[in-house]
Ligand SMILES: [Zn+2]
């Protein structure tokens, strides 16, 4: 199997699969034979991780290659239009033909999503805050590359505008997660207990959210 070898002064051997790539971390002087025996022992686990990654990227391929768009967890076809502005109507994303490069199209979609996110996410946050009685001091959109949201020490919440691409259950989880940070500014067991009281199935939703992590790198 093909893998990337990273040698360092570490003491133990480890393997991980990151974005479909097999990465092996090994001590400086360990022999290749030893490393390959270790990989052979782990072959089943590695194959499972690689196939999970492939399934995940295949499902989102129409989005990442720009033929479709994701909105509220639904795959929408992108249809060219002669109108001036991009819009979503009847489960279709209409994109003006004047945007003649992928870069321009991406920027138009990003602007549309940001506009929708500003009102949709503010509204969801307000409602979930009211029903959970967890209050926040401010709200803004973020363009973070790896995070879906964050809550600072002053209890001001920022949500990634790309959340409009995801379904309501996932958006709810991210908002509940950030609101719980207004009570606990860490990922302690008390924090997760509070998340679990508000959203008992959060573990499954959190796992589902992870399969969409590639989306935070989109429309840059
Ligand atoms: Zn957190």
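At an R0 of 41 angstrom, the distance between the Cβ atoms of residue 36 and residue 84 translates into a FRET efficiency of 0.10.
For segment 60-96 versus segment 165-220, the inter-centroid distance based on Cα atoms is 26 Å. By its C-alpha gyration tensor, with a ≥ b ≥ c as the square roots of the eigenvalues, how is the chain shaped: rounded for a/c under 1.5, else prolate for a/b larger than b/c, else oblate? Because a/c hits 1.5 or more and a/b fails to exceed b/c, the chain counts as oblate. Taking 7 Å steps out from each Cα toward its Cβ at residue 59 and residue 169 produces label points 1.1 nm apart.
Relative to the present Cα-Cα distance, how much length would full extension add between residue 104 and residue 217 at 0.36 nm per residue of separation? Using 0.36 nm per residue and subtracting the Cα-Cα distance, I get 39.0 nm. If a paramagnetic tag sat 7 Å from the Cα of residue 92 along the Cα-Cβ line, which residues of segment 59-78 would have the backbone N under 11 Å from that point? Zone members listed by number: 77-78. If you count the DSSP beta bridges with both ends in segment 66-217, what percent of them are antiparallel, to the nearest 5? Expressed as a percentage, antiparallel bridges in segment 66-217 total about 55. Taking 0.36 nm per residue of separation and subtracting the current Cα-Cα distance, fully stretching the chain between residue 4 and residue 156 would add 50.7 nm. By the count of neighbouring beta-carbon atoms within 10 Å, fewest first, 82, 217, 182 end up ordered 82, 217, 182.
Calculate the FRET efficiency for residue 126 and residue 189 from the Cβ-Cβ distance with a Förster distance of 41 Å, rounded to the nearest 0.05.
Using R0 = 41 Å, I get an efficiency of 0.90.
Taking the number of Cβ atoms within 10 Å of each Cβ as an exposure proxy, the fewest-first ranking of 30, 199 is 30, 199. With a Förster radius of 30 Å applied to the beta-carbon distance between residue 75 and residue 43, the computed FRET efficiency rounds to 0.30.
Computed across segment 152-196, the Kirkwood hydrodynamic radius from all distinct Cα-Cα pairs reaches 11.2 Å. Simple spin-label estimate for residue 13 and residue 210 gives 2.5 nm between the two label positions (7 Å along the Cα-to-Cβ direction from each Cα).
FYI, it's all coordinate maths here, none of it is from the lab. Being a predicted model, the structure only gives us computed values, none of them experimental. A quick note on method: Cβ atoms are made from the backbone with ideal geometry, for glycine too, and the neighbour counts reach across all protein chains shown.
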